[in-house]
1. Please go through (1) over 12 Å from the mean Cα position of the chain (by Cα); (2) buried (at least 21 other Cβ atoms within 10 Å of the Cβ) for Glu71 and return the number of the only condition it doesn't satisfy.
2. So Leu22 fits all but one of (1) without any contact (Cβ under 8 Å) to a residue 24 or more places away in the chain; (2) aliphatic (A, V, I, L, M); (3) under 23 Å from Ile77 (Cα atoms); what number is the exception?
3. Against the conditions (1) out of contact with any helix residue (DSSP H, G or I) (no Cβ under 8 Å at 6 or more places or on another chain); (2) surrounded by 14 or more Cβ atoms within 10 Å (Cβ to Cβ), where does Ile7 fall short? Just the number, please.
4. Residues Val69, Val60: which one is touching a Leu at 6+ places or on another chain (Cβ under 7 Å) and either farther than 17 Å from Lys2 by Cα or in the same structural domain as Thr249 (by TED's automatic domain parsing) (or both)?
5. Within the range 78-85, does at least one residue satisfy the condition of being farther than 17 Å from Ile4 by Cβ, modelled with pLDDT under 95 and outside the structural domain of Cys131 (by TED's automatic domain parsing)?
6. When you check Ala46 against the structure, is it closer than 22 Å to His266 by Cβ, at pLDDT 95 or above and surrounded by 22 or more Cβ atoms within 10 Å (Cβ to Cβ), yes or no?
7. Could you tell me whether any residue of the range 117-137 is at pLDDT below 95 and more than 21 Å from Ile282 (Cβ to Cβ)?
Amino acid sequence: MKKIVLIANPISGQGKAKKAALLTKEVLDQKNHDVHIEYTKHAGHATTLAQNLSQQYDIVVAVGGDGTVNEVAQGLIESGKTLGIIPTGSGNGLARHLKIPMNTKSAALCIDKEKKTSIDTPTINGKHFFCTAGIGFDAHISHVFSKMSGRGLSNYVKAIFKEYGSHKAGNYTLAYNNQTETDHAFVITVGNAAQYGNEAIITPLASIKDGQLDVTILKKPSLITAMNWGIRLFMGNIHKGPNTKYFSTKKLTIDTTTDEKVVNGHRDGEPDQWSFPLEFSINEGRTLNVIVNSDEI
């Protein structure tokens with residue numbers, strides 16, 4: 001028997017996360033675990049709950065999307081306790097990378113089996129991300145999407161088509177692997193895991209536990225090139241596409257060649273804002289125990 005606490009946002013997805021938490025508790029109760037549910041009350045509350053509850057429970061489970069997972073995971077770094085995930089979000093990038101089922105009952109049974117591994121815990125300007133983070137067009141879409149009334153892949157696609165024509169690429173100075181260069185970039189995405197979510201694979205060669213960050217840079221495309229990227233994104237080979245640069249590094253510094261001081265970013269599917277220079281780095285020796293559903297991650 002394990003002591004397990006489920007952390008969920010009760011209003012997320014019009015109550016979807018709350019329903020998933022109740023069903024998960026039912027499944028795990030039948031497996032004779034000691035299960036408790038805690039509901040968040042405001043942004044950032046999941047991190048505080050995870051920090052406090054990790055002292056009492058063996059497994060702390062994030063019930064929600066990538067934003068909830070990020071908050072709970074932050075609270076568990078260096079705790080020695082294990083993160084579980086019940087995915088109920090629109091993207092579920094980390095859960096998909098870990099091969100966790102999208103079906104709630106099946107995901108709950110993964111927690112019962114407790115197959116786990118240790119994953120890297122990278123940061124951007126001191127803020128943790130566990131899946132992907134970056135700047136450019138995808139970050140812009142993240143900010144637009146967050147203000148839309150509906151969620152889901154269809155609205156994300158609508159935002160892409162609406163905003164594509166007006167978004168401009170930026171000029172940046174990048175420092176990595178003992179070299180510095182200037183790039184004109186439409187998208188710069190740094191991956192700990194391989195995908196944004198919804199099986200949109202942006203850093204195909206990323207391993208979540210190799211101590212490296214994988215970086216995909218997409219240059220300003222023509223319409224044909226953009227369509228090529230869109231296809232490759234879901235085929236898992238965008239790194240082989242036209243106007244694309246791909247590399248791995250332990251640290252990446254991005255600065256602007258303009259007077260711009262602040263930039264919109266995305267971090268585990270959520271919009272964020274950072275000040276230049278941007279410092280992406282792996283935290284050596286700081287890992288997180290997480291439940292997975294496959295040895296091949």
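The values are calculated or read from the model by the stated rules, or taken from the named source; none is laboratory data. These numbers were taken from a predicted model, which means no experiment stands behind them. When we count neighbours, we look across all protein chains shown, and the Cβ atoms used for this are built from the backbone with ideal geometry, even at glycine.
1. With respect to (1) over 12 Å from the mean Cα position of the chain (by Cα); (2) buried (at least 21 other Cβ atoms within 10 Å of the Cβ), Glu71 is out only on (1).
2. If we test Leu22 against (1) without any contact (Cβ under 8 Å) to a residue 24 or more places away in the chain; (2) aliphatic (A, V, I, L, M); (3) under 23 Å from Ile77 (Cα atoms), just (3) comes out false.
3. Condition not satisfied by Ile7: (1).
4. Answer to the check: Val69.
5. Taking every residue of the range 78-85 in turn, at least one turns out to be farther than 17 Å from Ile4 by Cβ, modelled with pLDDT under 95 and outside the structural domain of Cys131 (by TED's automatic domain parsing).
6. Yes.
7. Checking the range 117-137: at least one residue is at pLDDT below 95 and more than 21 Å from Ile282 (Cβ to Cβ).
This table checks each residue for (1) in a helix (DSSP H, G or I); (2) in contact (Cβ under 8 Å) with a residue 40 or more places away in the chain.
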| site | (1), (2) |
| --- | --- |
| Pro221 | no, no |
| Met227 | yes, no |
| Phe234 | yes, no |
| Lys245 | no, yes |
| Thr253 | no, yes |
| Thr258 | no, yes |
